[in-house]
Amino acid sequence: MRRWVLIAVPYLWLLALFLVPFVIVFKISLSDVALARPPYIPQFSWDDGIWAFLRELDFENYIFLTTDSLYWKAYLSSLKIAVFSTFLTLLVGYPIAYGMARAPEEWRPTLMMLVILPFWTSFLIRVYSWMGILSQEGYLNQILMWTGIISTPLTILNTNTAVYVGIVYTYLPFMILPIYAALDRLDGSLIEAAEDLGCSRFQAFWLVTFPLSRNGVIAGSFLVFIPALGEFVIPSILGGSKTLMIGKVLWEEFFSNRDWPVASAVAVVLLLILVVPIVLFQRNQQRQAEAEQ
């Protein structure tokens, strides 16, 4: 009985905060826009019955998403930005995590605190601060012009480059911490054995260290990719009007156009894009674990 209660608590939590809102959003995505409150029809009525209510639902909004190029271009642009940002975050985060894992024991808590220190400040304030750094009159251009590297200010703000910088900076701790946890558990004698067998340091890293830290890399990549795909704040503040991401489109449909059915359809498709690969990956990992046993 205790085991069932322990399992039931997180499942009830997911049911209340994920499945129920998803069902509501999915229902809205099958509705039609209307000048009403809420701005969609049909509304369920006990007098009409549930079957009359279900007959008025349709998939027109999903068909509309496939015919309007704005939406699939936004999905593709978001996927490109999220994938490239995840790759950049991995390139920056892995050496930091590796250095933390190889640092002396007494320095590791301090290094860990420095990694999580940005979380003590508001996310919005941290993103806004990059406007003062990346603008044409910002600190970055001032330093580059003072050192003579450039003669005219660079245009970084309101470009995809600024979006990449913002995403990498914001989600870097989510990449570092899982990789550090994997590297911290690594048995150092395995690397010594590889070097004794004739491997160079790079070969020992590539053949031993990196494969054993693969789970941390995968976890960190998911933690960065998932929020980056639906990111709204960073492209709105740093990317400007030319940056096309599905999070901005979703916000505009909900609050500017007040087209809740189309916005809900966009949200459902975005969720499926995220959930389906994760489920397939988990099944593949489970099959590999069963094969090893």
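Among Val23, Val92, Val266, Val224, rank each residue by its count of other Cβ atoms within 10 Å, from fewest to most, as a rough exposure measure.
Going from least to most buried by this count: Val23, Val92, Val266, Val224.
From the phi of every residue in region 216-233, what ³J(HN,Hα) in whole Hz does the Karplus formula 6.51 cos²θ - 1.76 cosθ + 1.60 yield, where θ is phi - 60° and glycine or proline is x?
Once rounded to whole Hz, the list reads x, 5, 5, 4, x, 5, 5, 5, 8, 5, 4, x, 5, 5, x, 4, 10, 5.
Can you sort Phe281, Phe205 by how many other beta carbons sit within 10 Å, fewest first?
Phe281, Phe205
With just the Cα atoms of region 68-258, tell me how far they stretch along each of the three principal axes, in Å, largest first.
Principal-axis extents of the Cα atoms in region 68-258, largest first: 63, 45, 31 Å.
Convert each backbone phi in region 20-33 into a coupling constant with the Karplus relation 6.51 cos²θ - 1.76 cosθ + 1.60 (shift: θ = phi - 60°), then list the ³J(HN,Hα) values in order as whole Hz, x for Gly and Pro.
5, x, 5, 4, 5, 5, 5, 5, 5, 5, 8, 9, 10, 5
Can you give the charge dipole size of region 68-258 about its Cα centre, rounded to the nearest 20 debye, using +1 on the beta carbon of Lys and Arg and -1 on the beta carbon of Asp and Glu? Intermediate values should be presented prior to the final figure.
Numbers: 11 positive and 12 negative charges, 97 e Å.
About 460 debye.
Put +1 on the Cβ of each Lys and Arg and -1 on the Cβ of each Asp and Glu in region 68-258; which of Val115, Leu88, Phe255 then has its Cα farthest toward the positive end of the dipole?
Phe255
For the chain, what is the mean residue ellipticity at 222 nm derived from helices alone (per DSSP H run of n ≥ 4: -39500 (n - 2.57); sum divided by total residues; nearest 500 deg cm²/dmol)? Could you put the intermediate results ahead of the total?
Numbers: 14 runs with 193 residues, N = 293.
After summing the helix terms and dividing by the residues of the chain, the value is -21000 deg cm²/dmol.
What trypsin sites (Lys or Arg not before Pro) does region 208-255 have in DSSP loop regions with at most 15 other beta carbons within 10 Å?
In loop regions of region 208-255 (DSSP not H, G, I, E or B), the sparsely surrounded trypsin sites (Lys or Arg not before Pro) are Lys242.
Fewest first, what order do Glu106, Glu252 take by the number of other Cβ atoms within 10 Å?
Glu106, Glu252
What is the set of long-range amide H partners of Tyr40 at a cut-off below 5 Å, with H atoms built 1.01 Å from backbone N?
Counting only residues 5 or more places away or on other chains, the set is Ala34.
Excluding same-chain residues fewer than 8 positions from Lys248, which aspartates and glutamates have a Cα within less than 17 Å of its Cα?
Asp68, Glu231, Asp259
Quick note: the coordinates plus some simple rules give every number you see, no bench work behind them. None of the values given here were measured: they were computed from a predicted structure. Note: ideal-geometry Cβ built from the backbone for every residue, glycine included; neighbour counts use all protein chains shown.
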